[in-house]
Structure formats: structure tokens, C-alpha cells
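Scroll down for the structure; my scribbles are underneath it.
The values are calculated or read from the model by the stated rules, or taken from the named source; none is laboratory data. What you are looking at is a predicted structure, and each value in this text was computed from that prediction instead of being measured. In this analysis, Cβ positions are derived from the backbone assuming ideal geometry, glycine residues included, and neighbour counts consider all displayed protein chains. Quick note on the areas: whole protein, heavy atoms, side chains included, nothing else; ligands and nucleic acids left out. Shrake-Rupley method; radii C 1.70, N 1.55, O 1.52, S 1.80 Å.
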Amino acid sequence: MNFAHSASGTGNHAVVVTRVSNMQWHAVEDDRTVGRGDASRRPDGRLFISIDAWHGAVFDRIADAMLTDLPTPLSTVVDEADHDARSAWERAGFAVARREWGYLVPTDPQITGLDPVRPPSGVTIVPSGEAEEAPLRALDRIIRDEVEAAVGWQTMPAEVLPRPAGTIVVDPAKYVVARHLDQYVGLIRVAPLTRQPRIGLIAVRADRHRRGIARALLAHALGSLHRSGTVSAWAEVNESNAAATALFENIGARRAAGTLELIRS
């Protein structure tokens, strides 16, 4: 069933906002589509919305329609540099909940200084594609529980949010793992995207922190990318994660973008 919301438009014609599907809205003025709204549910259950409209008035009409039709809480993400978009969402009652930094991470060990980095005593690095799935999933559960107990998985980038089955491990071949004796104790996931590989997650068990395992994982992963001809990778870090921020900035990563997550409760 379609639901229509009508209001004054950008000129002499009314803008009619219609819910064309369960998760899509269209704004039409004088038989022209002048804006669209979309909603999507993330793996952790949160509902995110986005609006594409040239005019602020049309944005507001679509936002009003979506907020009428959808339950709260609702979330959205905007580029920190896009002040108009942020203002539009704030007009709709959204407020900034967290900030995420985007980093360009060099792979050249002469820049990162990671060339001499080796795993701590007793720890070996299991290269990408060689990790055993069962112990990798066991490590995932341990790390996920530790993060949830500390800061909560909602603080993680959308890409590493847990799936409904309760795991973030989708493709074990993307993981480099640190192993101590017969246990996996740390991991880094690198998605081999065509334009620029993405470091989706780097994590170490809480009882193995501050031993250099994360740096060893990063040294291995970036070194492999460098040898394959990749100049840089991309990583996203929550601004409240001081340890991760320090880890990347200490190897010459450059802050290149900022993303804001806004929420309407």
C-alpha cells in the first residue's frame, strides 16, 4: 500500500511524498521526482535512513513523511564537512551521537616504520587465507563479548557490526591472525577492494593487550599490501578509541575524512 504526504513545494506546485515500498519514499512535484528517501536495517537491528533532495524544503517534506511512517530510534550518517546536510538532519530532530575518522594508511614500511616489527615471543602470524575457521570464530566471540562489555558494539563501524547469527566473521579468508601456542589471540581483517583495500577490524584479546600484537598484525598486513603494489589502505576509527587512533597515527596514517552518526530517539 502506498501512503502520500502533500505539502507546499519549491515553486507553485505541491510536493507529494509517497511511500513507494516498505523502505523507499519518493517526492514528486509537477510530475517530476525531486527527492528520494531510503531506509535500511543494519545487521545489529538499527534502522538507518538517507535522503537525496536538491532543495532543503523537499528534504524537510521527505523527512517529515519518513518520521511519520517509521518507528524510532532512527540513525543516519553524514560527511562531517557537509554542513548543509548536518543542519538538515538537525532540523528534523537528529543529534550527533558519535564521530568516526577516516584514515589513509600508507603501506610502505619505510613510511610506517613497521619493517623491523616482529611478533612478541611465542606469537606467530597466520597469513591471510590460512586461518582455521573454528578457532577464528571462537576468537571472534571472545572479542565481541569483550567489546560489548566495555564500550558496546554500537560504537563499531557499520562494516564490523555483528550479523544476526552473532558473528562478524563472514569470509575467513580476509583475516590475518595472531596465534599464541594453540590459541588465536588477535586478528586483522582486510577487505581487498579494487580501488583501495579496507582495514575493517583490528582486535586483540583483552588479556593480551599492550604486548605489540596489534602492531605485528598491522606490520604483516600492510607489508603484504605493499609487496602487491598497493600504496595505501583505508581505515575508520571511532574518535573515542584513543588506542586505535594512536596506533594508526604513529605509523603515518593521515586523517582524510570524518563521518558523523546522528540519531533521533
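Conditions tested, residue by residue: (1) outside any strand (DSSP E or B); (2) under 28 Å from A14 (Cα atoms); (3) β-branched (V, I, T).
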position	(1), (2), (3)
V34	no, yes, yes
S40	no, yes, no
S50	no, yes, no
D60	yes, yes, no
P71	yes, yes, no
V77	no, no, yes
D84	yes, yes, no
S87	yes, yes, no
G93	yes, yes, no
### Summary
Residue set T107, T112; condition closer than 21 Å to L247 by Cα, in contact with a His (Cβ under 7 Å, 6 or more places away or on another chain) and at pLDDT 95 or above; output residue T107
### Task
Go through (1) more than 30 Å from R254 (Cβ to Cβ); (2) surrounded by 16 or more Cβ atoms within 10 Å (Cβ to Cβ); (3) within 20 Å of the chain's Cα centre (by Cα) and name the single condition P73 misses.
(2)
### Query
If a residue has to be free of Cβ contacts under 8 Å to residues at least 40 places away in the same chain and buried (at least 23 other Cβ atoms within 10 Å of the Cβ) to count, how many in segment 190-203 make the cut?
1
### Message
Just to verify a result, which residue in segment 229-265, among those that are of a type in the set (D, E) and over 11 Å from W101 (Cα atoms), is least open to solvent (accessible area, probe 1.4 Å)?
### Response
E261
### Query
Can you name the condition, by its number, that A88 falls short on among (1) touching a residue at least 60 places away in the same chain (Cβ under 8 Å); (2) open to solvent by less than 60 Å² (accessible area, probe 1.4 Å); (3) of a type in the set (A, V, I, L, M, F, W, C)?
(1)
### Task
Evaluate segment 171-182: report whether one residue or more is assigned to a loop (DSSP other than H, G, I, E, B) and open to solvent by less than 50 Å² (accessible area, probe 1.4 Å).
no
### Task
Please verify whether segment 212-234 includes one or more residues that are touching a residue at least 24 places away in the same chain (Cβ under 8 Å) and under 24 Å from D82 (Cα atoms).
yes
### Summary
Checked segment 102-124 for anything outside any helix (DSSP H, G or I) and either β-branched (V, I, T) or in contact with a Gly (Cβ under 6 Å, 6 or more places away or on another chain) (or both); matches are V105, P106, T107, V117, P120, V123, T124
### Query
G93 versus (1) more than 17 Å from A244 (Cα to Cα); (2) crowded, with 17+ Cβ neighbours inside 10 Å: which is the lone unmet condition?
(2)
### Query
Does R98 count as of a type in the set (D, E, K, R), closer than 30 Å to L247 by Cβ and in a helix (DSSP H, G or I)?
no
